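Step one of this worksheet: look at the structure below.
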Amino acid sequence: MTRLLNLLVTVLLVMPAMSLAAQTLEIKLVDGRNGRPMVGTSAYVNIWVGGERKEAIAIPMDDHGVARLQLTLNPNEVNVPNSTGHGTIVANHPVVQYDESFRINVPYVVCGSGDGDRSPLGLKNFSTKEVLDHGYASANTCGKVTATPQPGQVVLFVRPLTFLEKMKQ
């Protein structure tokens, strides 16, 4: 009976780690003015997983305005180096070590950042567990479009920079 109980406890402790081994974060950029996905050659997100990473991972958006990032507990599956010394790392299908938090930066104005700062250079900080469990959708002060995120998904309402905003950069 004790062996069965020990086995059951071991299985219950290992299952959450096993499910995390194949977790995907989706970052979706939506034009807050019209609800269309942000796509094209300039559509990407910069992401930093954890506090140790100095360089951003630039992930291009797909045709649906989604960038995907695979999280793993297995260091042998990681395909993005921690540091290259050469600035941003561009990766279409990055696999990185799981961490408790991640940060996102986009080359757009985030609609409804809530703090009055509409700088495209601002970083948004997220709890990895919170996003994996519930998802996240930003407010939208650029239009009337809304979204309900799925677990593992970050939906950011954005708009392109105006000419003057580009000049300030």
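We did not get these values from a lab; they are worked out from the coordinates using the rules stated. Please read all numbers here as calculations on a predicted model, not as lab measurements. Neighbour counts run over all protein chains shown; Cβ positions are idealised from the backbone, glycine included.
Okay, here's what the table says:
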{"read-out": "Theoretical gain in end-to-end length, SER127 to SER101 [0.36 nm per residue, Cα-Cα removed]", "value": "8.9 nm"}
{"read-out": "Separation in nanometres of the label points that stand 7 Å from Cα toward Cβ, at LYS166 and ASN79", "value": "3.3"}
{"read-out": "Full-stretch length increase - ASN92, ASN34 - with 0.36 nm per residue and alpha-carbon distance subtracted", "value": "18.2 nm"}
{"read-out": "Amide H partners (placed H, <5 Å) of ASP99, local residues excluded", "value": "none"}
